1. As an exercise: evaluate residue 4 against (1) surrounded by 15 or more Cβ atoms within 10 Å (Cβ to Cβ); (2) over 17 Å from residue 149 (Cα atoms); (3) not polar (S, T, N, Q) and give the number of the one condition it does not meet.
2. Does residue 30 meet the test of being assigned by TED's automatic domain parsing to the domain that holds residue 135, of a type in the set (D, E, K, R) and modelled with pLDDT under 95?
3. Within segment 59-118, how many residues are surrounded by 15 or more Cβ atoms within 10 Å (Cβ to Cβ), more than 23 Å from residue 47 (Cβ to Cβ) and among the polar types (S, T, N, Q)?
4. In segment 119-145, which residue that is crowded, with 18+ Cβ neighbours inside 10 Å and of a type in the set (A, V, I, L, M) is farthest from residue 11 (Cα to Cα)?
5. Just one of 87, 160 is out of contact with any Cys (no Cβ under 9 Å at 6 or more places or on another chain) and in contact (Cβ under 8 Å) with a residue 12 or more places away in the chain; which is it?
6. Looking at segment 39-67, I want the residues that are charged (D, E, K, R) and have a partner that is crowded, with 16+ Cβ neighbours inside 10 Å and in a helix (DSSP H, G or I) with Cβ atoms under 8 Å, at least 6 apart or on another chain. Which pairs are those?
Amino acid sequence: MFEIEYEFDEQDLIHFNAARYMKTEEYKSDMRKNRLIVPSVVLLIGAFYYFYYKDLNTSAYIALIGVLWSLFMPRTIMSRWQHKLINSYSAKEKSLMFGTYNLKIDPSNPNYLIEKSPSGKHNMAWSDLVRVEYGKRYVYIYIDLSTALVIPVDKVSKGNLEQFAEQAEKMIDRFA
């Protein structure tokens, strides 16, 4: 029997959703706009002030604003997005989501991944699971294309995550 136990918290939720969000066209468009287009327009205005009015101080301040915008606005956008993500969940949803998770592959019940979480006990059919993905600090067991069990490597308190993930991958392949 393979079993792991781990803690899942806000930072893990943010990490998973941020990684998915950074792959969207919306995010890429926002970054292009805030890293290139807006600062370029601001720098052009600074150049206009320099060449038309011969005002080096004002054009330097305007150029500095463009550079600072390019550096700090993407971080601000991501921070706001993370805040909005966390606030999109009610206190009850958070209490059912964050906490200790226990995942079990039981030979006596080979058709299901058994999950015990703050929201209760669930049996997930291997045929319904999509894949296992490995990240630097996380292992993801995808339930569908946009939802996954996020397992933080450094928060596993019981069991061997590598063996568990390999076995889960084999089970998903077997029942696919």
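The values are calculated or read from the model by the stated rules, or taken from the named source; none is laboratory data. Remember, predicted model here, so these are calculated numbers, not experimental data. Here the Cβ positions follow ideal geometry from the backbone for every residue, glycine too, while neighbour counts run over all protein chains shown.
1. (2)
2. It is false that residue 30 is assigned by TED's automatic domain parsing to the domain that holds residue 135, of a type in the set (D, E, K, R) and modelled with pLDDT under 95.
3. Result for segment 59-118: 3.
4. The residue in question is 129.
5. 160
6. Final answer for the pair search is 55/49.
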